[in-house]
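The values are calculated or read from the model by the stated rules, or taken from the named source; none is laboratory data. Being a predicted model, the structure only gives us computed values, none of them experimental. FYI the Cβ positions are ideal-geometry reconstructions off the backbone, even for glycines, and counts take in every protein chain you see. With ligands, DNA and RNA removed, areas are computed over all heavy atoms of the protein, side chains included. Shrake-Rupley method; radii C 1.70, N 1.55, O 1.52, S 1.80 Å.
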Amino acid sequence: MIINPKMTYSLINGSLVGPEGSVVKGVKSLKDTLRIYANTQGLSEDLLSAINYRTEVYTPETTEGSLQFATSYVYPGTVNGEYFMTKGHFHEISNRSEFYLCLSGEGLLVFMDRQRNWWAERMHKESLHYIPGHIAHRMINTGNDVLTVQACWNSDAGHDYGTIENDGFPVRFFDRNGKLSIEEV
Ligand code: PAN
Ligand code: ZN
């Protein structure tokens, strides 16, 4: 028999559409992510309630070997000059790898290994990124539009946020007078 797929995915705006409950949506406003930024003094209420990033996650199965598919929308903006970014994480099962495909916007995908070496790849429409297992990853929106990124990874990978919350990444990215400034910490 031939059946219709349960899900659709828009190549234009990344939105995942499927049966009720199949897509889990998450929203992080700046209030939720404040501690990832270097300087959070004097922020307006408007900025604090602005969306930092949103996610839509489709997890058809959770057993070992299965995959999940998600779209992340990282909003444009800065916190005292530091570009909006995701929290960033290692995977809890740390050998689990991941693909990112950028649909729109401009940014950086920052990688960090367990020795705290870092490097980054430019993200732009149609850029494809492989994140090997054991590597922490964070997205930075350096543009003026939403950075829309599709991700696919093992459903059992889990997220280890604690390591990044405690130690951070060794580099930060700022808009200094309209120019990207890379500041190692
Ligand atoms: C992504 C991220 C998503 C949000 O789906 O979870 O972009 O970023 P944080 O999880 O770092 O807040 C992914 O890498 N999943 O493994
Ligand atoms: Zn990940």
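Within the group Gly42, Gly14, which residue is outside any helix (DSSP H, G or I), on the phi > 0 side of the Ramachandran plot and surrounded by fewer than 15 Cβ atoms within 10 Å (Cβ to Cβ)?
Working: Gly14 fails: surrounded by fewer than 15 Cβ atoms within 10 Å (Cβ to Cβ).
Exactly one of Gly42, Gly14 is outside any helix (DSSP H, G or I), on the phi > 0 side of the Ramachandran plot and surrounded by fewer than 15 Cβ atoms within 10 Å (Cβ to Cβ), namely Gly42.
Is it fair to say Leu30 is open to solvent by less than 40 Å² (accessible area, probe 1.4 Å), farther than 19 Å from Gly162 by Cα, away from ligand 1 (no atom under 11 Å from the Cβ) and aliphatic (A, V, I, L, M)? Give the derivation first.
Working: open to solvent by less than 40 Å² (accessible area, probe 1.4 Å): yes; farther than 19 Å from Gly162 by Cα: no; away from ligand 1 (no atom under 11 Å from the Cβ): yes; aliphatic (A, V, I, L, M): yes.
No, not satisfied.
Against the condition at pLDDT 95 or above, away from ligand 2 (no atom under 16 Å from the Cβ) and open to solvent by 30 Å² or more (accessible area, probe 1.4 Å), how does Pro132 come out, does it pass?
no
State all residues of the range 76-108 that are charged (D, E, K, R), out of contact with any helix residue (DSSP H, G or I) (no Cβ under 7 Å at 6 or more places or on another chain) and assigned to a loop (DSSP other than H, G, I, E, B); if no residue qualifies, say none.
Glu92, Arg96, Glu106
Being at pLDDT 95 or above and exposed (fewer than 15 other Cβ atoms within 10 Å of the Cβ): is that true of Leu108 here?
Judged against the criteria, Leu108 is not a match.
Among the candidates Phe90, Phe111, single out the residue that is in contact (Cβ under 8 Å) with a residue 60 or more places away in the chain, farther than 27 Å from Gly18 by Cα and within 13 Å of ligand 2 (Cβ to nearest atom).
Phe90
State the number of residues belonging to the range 74-93 that are open to solvent by less than 30 Å² (accessible area, probe 1.4 Å) and more than 9 Å from ligand 1 (Cβ to nearest atom).
7
Could you identify the single residue in Met123, Met139 that is within 16 Å of ligand 2 (Cβ to nearest atom), touching a Cys at 6+ places or on another chain (Cβ under 6 Å) and at pLDDT 95 or above?
From the options Met123, Met139, the qualifying one is Met123.
Go through (1) under 15 Å from the mean Cα position of the chain (by Cα); (2) open to solvent by 30 Å² or more (accessible area, probe 1.4 Å) and name the single condition Leu47 misses.
Leu47 satisfies all of (1) under 15 Å from the mean Cα position of the chain (by Cα); (2) open to solvent by 30 Å² or more (accessible area, probe 1.4 Å) except (1).
Residues being under 21 Å from Asp156 (Cβ atoms) and surrounded by 12 or more Cβ atoms within 10 Å (Cβ to Cβ): count how many of those fall in the range 50-62.
Kept after step one, since they are under 21 Å from Asp156 (Cβ atoms), are these residues of the range 50-62: 55-62.
Filter once more, keeping what is surrounded by 12 or more Cβ atoms within 10 Å (Cβ to Cβ): 55-60.
The qualifying residues number 6.
Cβ-Cβ under 9 Å, sequence separation 6+ or interchain: first residue in the range 154-168 and under 13 Å from Phe69 (Cα atoms), partner open to solvent by 70 Å² or more (accessible area, probe 1.4 Å) and within 12 Å of ligand 2 (Cβ to nearest atom). Which pairs?
Asp156/Glu92; Ala157/Glu92
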